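Here is the structure we will look at, set down as structure tokens.
Quick note: the coordinates plus some simple rules give every number you see, no bench work behind them. The structure presented is a predicted model; accordingly, all values stated were derived computationally and were not measured. With ideal geometry, Cβ positions are generated from the backbone for all residues, glycine too; neighbour counts draw on all protein chains shown.
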Amino acid sequence: MADALRGGIIINEILADPTGSGVSTDTDGDGTARGADEYVELLNTSASAIDVGGLEFWDAQRDNWFTIPDGTILQPGGTLTVIRNARPAGTLPGDGVTDIAFDADFGNGVLNNNRDNVVIYDPDANEFIQATYNNDTLDDPTTGSNYAGFPSDATRVGAGENFGTDIDGRSIQRGPNGNDDFFNDLDSTPGAGNVCFTPGVRIATPTGACPAELLRPGDLVVTRDAGVRAVRWVGGRHLPVEELRAAPHLCPIRISAGALGQGLPRRTLHLSPQHRILRPGPLLELGLAEVLVAARHLVGRPGIRQLAPEEGVHYLHFALDAHHVVFAEGVPAETLHFGAEARRVLGPGQMAELRQVFPDLDLTGRRTARPVLDGLHARLAR
């Protein structure tokens, strides 16, 4: 479990050196990657909004280099990114609602120096969390050495976390949803849930939201129409970047937090192009109050776009006893449908597994949970 403050605030991502020989990160979006684009990202892993005002960012050589403004609320699953020194011409990452960002306006380098420690201090509880990277040792800020003004009686939450080593131009980031795996070879994702794999999506279950990659056969999920149902099968497929470059239409669709209206999705959501979500209302003239629309047919709406083939992607699938609508980041979305698309998406081994789990599997006649809208009508309706 990640070390957390205030019931769910963890260190989620660290970009120590924004410029590299092969890749760079322009965090503030001003068109130029530079040392001042370094950042630290926090994540709210709880199911409730948390007031993060007053949390302090500390460094061994720069002391308290940023304090979150009073009254700042971080939503469930939301991220808070602090950039060391953003340019006025740039744009801070995030949507300003679920994923928020601040410019520390700090002139000197913080993360890309000696003593690679990130310390987040909560003055209300007099406790702190801490992360190291690049093989540095864990500091003790309470001794006062190199942390001028740090409270000597503060308590560290947990034992401190080692994020590993960084690659210039890329951040070090946790696996989806705050788990204890760390990755340094992925594109930086300031102001968004880490998309190391598409499995970052959280699925509604009777006991709360669960990362899709943690679902196992027998686990229970909440459906739109049939209450709680058990997962019968889970599978996945990895597409390397070479395959995506050859077939860019397979790249994920990025749906920004709130892009579907009514605050949905609750955080940025990544789906395969053919993954269908439930859309209400716009087609009453066709006698359809609710329809399933492929994510790719929503591209072009504000906040919805297809990503470029810059890295590989891992697509997850799970099946219930029938085709159902579940909730992914609050968005009604389909489970695996045993149709022609399943044969295209899944390999022979996974199809064999499905036939073992569902001996009477019919790949042609299974009904969908809602009518499926074709591309033309989907574009007219959006």
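The label point for Thr207 and the one for Thr165, both projected 7 Å from the Cα toward the Cβ, are 3.9 nm apart. Roughly how far apart, in whole Å, are the Cα centres of the stretch 49-87 and the stretch 91-142? Cα centroid to Cα centroid, the span is 8 Å.
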